[in-house]
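Visitor: Can you keep this structure in mind? I'll have questions shortly.
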């Protein structure tokens, strides 16, 4: 048994061609259809790429971002490593540039999304954790264990439109 584990480790580190493979850091989240991957591609404004509606600097942090891979495939960068936060703060500085992004690719029959957990430009460098959202949020609002419950904008929207985003629509009372 020990010999087969060693062989598996060697194959993992060297890959099928015998060339070294950079270790991935993507942490599984137990989401159906998830697959840890490292994608190489150019950071783009999703609306610009998909519809031709472009804004300077990928929308300056106000638009959804994604990666265009070498084969032309587009992957929407839907989330970062912070609960309920997108990957925009971690990717906006790379607008138009080639990067490697480590994370989870969720491919299910309805949609394909990429959850970014780390970013790097130089393949020899370690991945930079995709957690910039939290530090930016805390700089504006202070520390909070659950930022999404303490966020003033989220609380304002919930009070105006309800928890489902539709005025008058409320959760069923618990028994």
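Where a number appears in this text, it was derived from the coordinates with a stated rule and is not lab data. Quick caveat, the model's predicted, so the values are computed rather than measured. A quick note on method: Cβ atoms are made from the backbone with ideal geometry, for glycine too, and the neighbour counts reach across all protein chains shown.
Visitor: Scan the range 135-151 residue by residue and report those that are touching a helix residue (DSSP H, G or I) at 6+ places or on another chain (Cβ under 7 Å) and assigned to a helix (DSSP H, G or I).
Guide: 136, 137, 141, 147, 148, 150
Visitor: Could you list all residues from the range 86-101 that are in a helix (DSSP H, G or I) and surrounded by 17 or more Cβ atoms within 10 Å (Cβ to Cβ)?
Guide: 88, 89, 90, 91, 92, 94
To keep it simple, each residue is scored yes or no on (1) closer than 24 Å to residue 31 by Cβ; (2) under 10 Å from the mean Cα position of the chain (by Cα); (3) touching a residue at least 60 places away in the same chain (Cβ under 8 Å).
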site: 56; (1), (2), (3): no, no, no
site: 95; (1), (2), (3): no, no, no
site: 117; (1), (2), (3): yes, yes, yes
site: 127; (1), (2), (3): yes, no, yes
site: 151; (1), (2), (3): yes, no, no
site: 161; (1), (2), (3): no, no, no
